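Bear in mind that the values in this text are calculations on the coordinates, not laboratory data. Everything numeric in this text was worked out from a predicted model, so none of it was measured. Positions of Cβ are generated from backbone atoms using ideal geometry, with glycine treated the same way; all protein chains shown enter the neighbour counts.
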Amino acid sequence: MDPKKNQIELALISLFFLLLSLIGILWCFTSGLLASGVDGILLVIICLMMAGVFALQIFLLGLQAGWIKLPSRDKKDAAAANSAPAK
């Protein structure tokens with residue numbers, strides 16, 4: 001199996017569950033379940049936790065696949081070290 005195809009499939013599955021978690025949170029607010037007691041609060045916490053896990057999964061997959069590029073700190077640190085006055 002092609003690794004790029006596998007990464008895309010995994011990203012789509014993670015995106016699906018992320019959206020499902022966000023829809024669950026929205027439903028808790030619109031249905032009034034959040035105000036009814038502990039059940040609504042716990043459901044929102046579980047949906048937030050699942051959304052966080054799947055968002056992290058998508059982020060790490062994007063880093064690994066090269067879809068997301070983070071600025072390198074090495075260049076900034078080297079530039080700051082070179083511009084510092086010598087003692």
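Summary table below
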{"item": "Qualifying residues in the stretch 54-67 (those that are part of a helix (DSSP H, G or I) and farther than 13 Å from Leu15 by Cβ) - the one nearest to the chain's Cα centre (by Cα)", "result": "Leu60"}
{"item": "Among residues of the stretch 1-12, those that are of a type in the set (A, V, I, L, M, F, W, C) and either farther than 9 Å from Gln57 by Cβ or touching a strand residue (DSSP E or B) at 6+ places or on another chain (Cβ under 6 Å) (or both), counted", "result": "3"}
{"item": "Inter-residue pairs, beta-carbon under 7 Å, first more than 11 Å from Phe54 (Cβ to Cβ) and in the stretch 1-28, second part of a helix (DSSP H, G or I) and among the β-branched types (Val, Ile, Thr), 6+ apart", "result": "Ile25/Val44; Cys28/Val44"}
